[in-house]
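Asker: Submitted below is the structure of interest, expressed as structure tokens.
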Amino acid sequence: MPDRGGGPTGPRIRVGRPSRRVRTLLMTLGVLAVLGMAFTMFAGFWTDWLWYRSVNYSSVFTTTLWTKIGLFFVFGLLMAVAVGFNIWLAHRLRPPLSAMSLEQQSLDRYRMGIAPYKKWLLFGITALVGLIAGASASGQWRTWLMWVNGVPFGQKDPQFNLDVAFYAFDLPWYRFLLGFGFAAAILSLIAASLTHYLYGGLRVSSPGARATAAATGHLSVLIGIFVALKAVAYWLDRYGLAVKSSDFKATDNWTGLRYVDANAYLPAKTILFCIAVICALLFFSTIWRRTWQLPLIGFGLMVLSAILIGGLYPAIVQKFQVQPNEQAKEAPYVEKNLAATREAYGIDGTQVTEYSGTANTKDTAKLRDDVDSTASIRIMDPNIISPTFQQLQQMRKYYAFPTNLDVDRYGAGGTEQDTVIGLRELNYAGIDKKNWINNHFRYTHGYGAVAAKGTAVDSEGRPVFTESDLPSKGQLGQYEQRIYYGEKTNTYSIVGGPQKEIDYSDDSGEKTYSYEGKSGVNLENPINRAAYAVALNEPQIIYSGAIGDGSRILYNRTPKQRVEAVAPWLTIDGDAYPAVVNNRIQWIVDAYTTTNGYPYASRTTLGDTTADSLTATNDQRAVVAQQNQVNYIRNSVKATVDAYTGEVKLYQWDTQDPVLKTWMKAFPGTVEPRSEISGALMDHLRYPQDLFKVQRELLTRYHVKDADTFLSGSEVWQVPDDPTNKSGDAVPPYYLSMRMPDQQEQAFSLTTTFTPNGRDNLSAFMAVDAEAGKSDYGKIRILKLPTSTTVNGPKQVQSQFNSEQDIAESIRLLRGGDSEVEYGNLLTVPLDGGLLYVEPVYVRGGGLQYPLLRKVLVSYGGNTAFEDTLDEALNKVFGAEGSTPPPEEDTGEGDGDTTPPPPTSDNPTVQEALNDAQKAFEAGQEALKNGDWEAYGKAQADLEAALRKAEEAQSRAGGSGGAGGGAASSPSPTGSPSPTGSPSPTRSPQSG
């Protein structure tokens, strides 16, 4: 027993060693802690393996894993051996103790202290550097796989005549090896120097020789290896000049050799390579000469040469040869950069055509008719009307639509039309009672697609739905409507077990459902349940009775997450979009292969070039690869994700892309051939927005083909800011079915505009054929406006809209009360030499919390209109009415002219109805000024009834025609379009 007796100053307590029970407890806790950490690591690994196996991409997991493990062990072992060997060698070459100086004798206590632990210390040091080096090397798995599987580009750089694959696949790996060699040489030199110092091979303050001959030879060899690696670096730097970035003239990310590179840096690197080789040999010679004199002189000369030849000489060449005649000196290299950049970004086939910017014909009636054949003008802005979809088609609070809807084409037999589409996804924020069961077992999926015509609205300014209600029905036919995978499904769900899910609700109450798909990971295995409990930090997964036979866990559920996981070598477009394909909802994801090793091609930062006014405000639309700098990009893969099963399929889209071929060699069987794309899927594939934005940014400078124009900077363009808001961000590109001047029919296109650098007038219009499967898919057309005349750009057109007194007054009235005016996409359409601008205007308020189309702004040739419908605005701008199809009630008699004849006073019944219409119109105007929306609605109803009576009376009198529905225009009571700024009597501001 320990002594607990007292003493003169009080009791003494002597505590003995911990009891056996305490030691056992501590040991048990330690073992449990180790096992807990081990199982946590195992859980992450095991759940990853289970997920990849569940999506049938286990080969991606195993290939990546084994590559990382191989690199870790190979380079970790190499680093450990290199450092450990040099420590061992330095210890073996230590001088005898009798030869040690007094200075070294003072280190005896350190040597004696580590003597019993020498082996363990050596093992610890080598293990530490090995672990660090191995972890660093494992991160180079992409570089290794590209080097091993590299496929030739079939194109050679103009300077060294090497295949582009050398720069894209080989050079990055060689640079990694060089960096690893430098690290090994430096760490070995440091470790050997410390060991020699500790054991007397090196002295700091002792008289006489400061190093033994053995230490001198050993350290000189290590320095020689370092200098030899520097020689290799100089040689690789020669090729690196072809992919070197610099700021030059009109571009901030110029890549490739310039005059000073080819005529100063290139020979300088060659000379420095030779000097470094000689210097390395001098260091190696100290093994026999046992002196540092010559090697140090050589090293000093190498440093001096690097300063003079590698730094001063190029500066002199730049100052005295290039600057006095820069344009002539740089022109050959600029031409190489122009050609390489255009090829690397797929813009070499861009068709640039001169465009006058003014109408070629004075026949306004023909111009008015040409509008319909030139473009299917979309007045439904997918970036504005999501709240309208939400209000009219949400059905339940736990459903939601994305912030920005998508534009697709639907129809058959040549009747395809631009359609705005969105999915009714699960909205976890809308669940009334949130708990673990509701969040993860009961509310598991969204339900149905909702679609609307892009070119029409109903009489109240609402979308004309072609697919709506719950369950959804309409033109899309029968399809699996449950959405388990979507852009908003960012948490896990456990389905298929004892707990039933909420399917949807109708008038008869809630419907339940149990997932029947094979997606996800089975949780019947207790090991799987334990692993997911740890991985998701949710212990209830282990013991919950809601999990049983058939239970499966679904996670990684957004389309972007799934494609990125199964193809980590792809760069994913920021906007996945849904399509109904073969009775399934499929998410379509565009994916890119990239490299920053294309010689002479200028670089761009994807995060900067793909950002615009939409990505700044939409949390669902990601910006692609924020700081990923590239100088080559291809939309090489089209991917699909099934909204019900989560199945991911990758299709080879660009069959010539060598980067994709390289990855297909590295991950065989993961990408299906292009021939596997079905016709139904092909109908919904489109040109991706992010690629288009990258290309348009490059084309602001690289639309020119001659070096002189490029160097002068006179033809530099810019992407204008979005004029419909004050964000200051770039205007997004817009999908639109339209016909360019050299096309015979409309094509689904992606369009944008350019303005001169620092100015607001229009300099060019750009469109790309966006409909996959067509012969012209991907063809970029640019209409270049003359620099001698000024054509209004988007910002100027918007300013013109806002500054016209009548329009400004009408907008002020629309903003009456608590209403807000929202401007839709400002669409630009080339028309007969001129540019037609169309912008829908929405109003939110007056008791409604969602936007409705109230007005349409149109501008052409300096003329503007602000009317209730697109047809009315076009009629006003051109001063002529377009030819529209006969109304349904037309008997087919007459000459087929569908333009309604002006009303006359010959028929008193017609005149009476028109008088009533005029009164209703005036009452509506008065209500509009007062902000009385209830009275305004009543007046509009009276107006429509009066016009209907007028039509019937006119029909009885032998007239042919009537007020059109939807977006069609109707005559005003005076027989002409309503004045600018006044709502037409044919529709209310609640109409489109």
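Asker: It is to be established whether one or more residues within the stretch 204-213 are in contact with a Gly (Cβ under 8 Å, 6 or more places away or on another chain), over 18 Å from M79 (Cβ atoms) and not aromatic (F, W, Y).
Answerer: yes
Asker: So how many residues does the stretch 652-670 have that are of a type in the set (F, W, Y) and more than 19 Å from the chain's Cα centre (by Cα)?
Answerer: So the first thing to find is which residues in the stretch 652-670 are of a type in the set (F, W, Y), and the list is 653, 663, 667.
Checking which are more than 19 Å from the chain's Cα centre (by Cα) leaves us with 663, 667.
Residues flagged as of a type in the set (F, W, Y) and more than 19 Å from the chain's Cα centre (by Cα) within the stretch 652-670 amount to 2.
Asker: Test of understanding: among K336, K319, which residue is in contact (Cβ under 8 Å) with a residue 60 or more places away in the chain and either surrounded by fewer than 15 Cβ atoms within 10 Å (Cβ to Cβ) or of a type in the set (D, E, K, R) (or both)?
Answerer: After ruling out the rest, the residue left standing is K336.
Asker: Mind listing whichever residues of the stretch 26-83 are outside any helix (DSSP H, G or I) and among the aliphatic types (A, V, I, L, M)?
Answerer: So the first thing to find is which residues in the stretch 26-83 are outside any helix (DSSP H, G or I), and the list is 55-57.
Residue satisfying the conditions is V55 alone.
Asker: Right, next: Look at L229 and say whether it is at pLDDT below 95 and either more than 38 Å from the chain's Cα centre (by Cα) or buried (at least 19 other Cβ atoms within 10 Å of the Cβ) (or both).
Answerer: No; evaluated as a whole, the condition is false for this residue.
Asker: Still on this structure, please answer the following. Please go through the stretch 21-66 and give me each residue that is of a type in the set (F, W, Y) and in contact (Cβ under 8 Å) with a residue 24 or more places away in the chain, ordered by number.
Answerer: F39, F42, W46, W51, Y52, Y57
Asker: Being at pLDDT 95 or above and hydroxyl-bearing (S, T, Y), is that true of even one residue in the stretch 634-642?
Answerer: Yes: one or more hits.
Asker: Filtering the stretch 493-510 down to residues that are surrounded by fewer than 20 Cβ atoms within 10 Å (Cβ to Cβ) and modelled with pLDDT of 90 or more, which residue is nearest to D575 (Cα to Cα)?
Answerer: D503
Asker: Considering only the stretch 344-359, how many residues are surrounded by fewer than 17 Cβ atoms within 10 Å (Cβ to Cβ) and of a type in the set (F, W, Y)?
Answerer: 0
Asker: Of the residues in the stretch 360-383, how many are farther than 27 Å from L681 by Cα and surrounded by 20 or more Cβ atoms within 10 Å (Cβ to Cβ)?
Answerer: Number of matching residues: 3.
Asker: If you go through the stretch 646-674 one residue at a time, how many are aromatic (F, W, Y), assigned to a loop (DSSP other than H, G, I, E, B) and under 27 Å from V581 (Cα atoms)?
Answerer: The number of residues fulfilling the criteria is 1.
Asker: With respect to Y600, determine if the residue is more than 16 Å from R562 (Cα to Cα), at pLDDT 90 or above and aromatic (F, W, Y).
Answerer: Details: more than 16 Å from R562 (Cα to Cα): yes; at pLDDT 90 or above: yes; aromatic (F, W, Y): yes.
In short, yes.
Asker: Being under 29 Å from D163 (Cα atoms), modelled with pLDDT of 95 or more and not hydrophobic (A, V, I, L, M, F, W, C) is the filter here, so list the residues in the stretch 571-593 that pass it.
Answerer: Quick first cut of the stretch 571-593, residues under 29 Å from D163 (Cα atoms) only: 571-573, 590-593.
Then drop every residue that is not modelled with pLDDT of 95 or more, which leaves 590-593.
Selection gives D590, Y592, T593.
Asker: Report, by residue number, each residue of the stretch 596-615 that is hydroxyl-bearing (S, T, Y), under 24 Å from V164 (Cβ atoms) and either touching a Leu at 6+ places or on another chain (Cβ under 8 Å) or surrounded by fewer than 24 Cβ atoms within 10 Å (Cβ to Cβ) (or both).
Answerer: Result: Y600, S602, T604, T605, T609.
Asker: Just to verify a result, which residue in the stretch 756-798, among those that are of a type in the set (S, T, Y) and in contact with a strand residue (DSSP E or B) (Cβ under 6 Å, 6 or more places away or on another chain), is surrounded by the most Cβ atoms within 10 Å (Cβ to Cβ)? Give the steps one after another, and end with the answer.
Answerer: Taking the stretch 756-798 as the starting set, the residues that turn out to be of a type in the set (S, T, Y) are 763, 775, 777, 787-790.
From the residues that got through so far, the ones that are in contact with a strand residue (DSSP E or B) (Cβ under 6 Å, 6 or more places away or on another chain) too are 763, 777.
On the way: S763: 25, Y777: 16.
Checking each candidate, the answer is S763.
Asker: A further question on this structure: Take residues that are at pLDDT below 90 and among the polar types (S, T, N, Q) and tell me which of the helices (runs of 4 or more DSSP H) falling wholly in the stretch 769-886 contain 1 or more.
Answerer: 794-803, 805-814
Asker: With the checklist (1) crowded, with 20+ Cβ neighbours inside 10 Å; (2) at pLDDT 90 or above; (3) of a type in the set (A, V, I, L, M, F, W, C) in hand, flag the one item A730 doesn't pass.
Answerer: (2)
Asker: Sticking with this structure for a sec: At least 3 residues that are over 22 Å from V83 (Cβ atoms) and in the same structural domain as L77 (by TED's automatic domain parsing) in each: list the helices (runs of 4 or more DSSP H) lying fully within the stretch 134-244 that qualify.
Answerer: Result: 141-149, 171-198.
Asker: Contact list please: Cβ distance under 6 Å, first residue in the stretch 521-543 and buried (at least 19 other Cβ atoms within 10 Å of the Cβ), second residue of a type in the set (D, E, K, R), pairs at least six apart or on different chains.
Answerer: Close Cβ pairs (under 6 Å, with a partner that is of a type in the set (D, E, K, R)) amount to L523/R529; I541/R529.
Asker: Let me ask you something else. What are the pairs, 6+ residues apart or on separate chains, where a residue within the stretch 628-646 that is farther than 30 Å from Y484 by Cα has its Cβ under 7 Å from a residue that is among the basic types (K, R) and assigned to a loop (DSSP other than H, G, I, E, B)?
Answerer: Q629/R603; V630/R603; N631/R603
Asker: Please work out which residue is farthest from D469 (Cα to Cα), limiting yourself to the stretch 399-442 and to residues that are among the polar types (S, T, N, Q) and assigned to a strand (DSSP E or B).
Answerer: Filtering first and then ranking leaves Q417.
Asker: Let me ask another. Can you tell me which residue among K488, K433 is in contact with a strand residue (DSSP E or B) (Cβ under 8 Å, 6 or more places away or on another chain) and modelled with pLDDT under 95?
Answerer: K488
The values are calculated or read from the model by the stated rules, or taken from the named source; none is laboratory data. As the structure is a computational prediction, the values presented were derived from the model and not from experiment. FYI the Cβ positions are ideal-geometry reconstructions off the backbone, even for glycines, and counts take in every protein chain you see.
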